[in-house]
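First up is the structure itself, then whatever we jot down about it.
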């Protein structure tokens, strides 16, 4: 049952990411990067980049959540471009965040 919950959370996360992609007019050359961060890391990324899409995820299921996001991204969401499929990680991370390195705040 927990695996179904993680899969559902991953689908909801990608739904929000897809909406942000459309709302912010991402061009085909622009892409997203994923990170697993602490609350301080999330604040730093949100301060430096716009837009961001984040989700608070229990550390116990973080790896499963990230795996599900990447799996669904490959199969269902062709409009979301993620050129680098690696996910940077911080120790004791509680947030999964997506941001575009091409869109720094000025």
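Any read-out appearing in this document is the output of simple, stated calculations on the displayed coordinates, not a laboratory observation. Remember, predicted model here, so these are calculated numbers, not experimental data. Cβ atoms come from the backbone with ideal geometry, glycine included; neighbour counts cover every protein chain shown.
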Of (i) 14, 47, 32, 7, 0; (ii) 11, 12, 11, 10, 10, 9, 8, 7, 6, 5, 4, 3, 2, 2, 1, 0; (iii) 15, 50, 31, 3, 0, the label for P(r) over Cα pairs in 10 Å bins from 0, in percent derived from the coordinates: (iii)
Order by protection proxy (mean Cβ within 10 Å, highest first), peptides 81-87, 39-45, 61-67, 93-99: 93-99, 61-67, 39-45, 81-87
Length added when fully stretched, residue 24-residue 5, from 0.36 nm per residue minus Cα-Cα: 4.0 nm
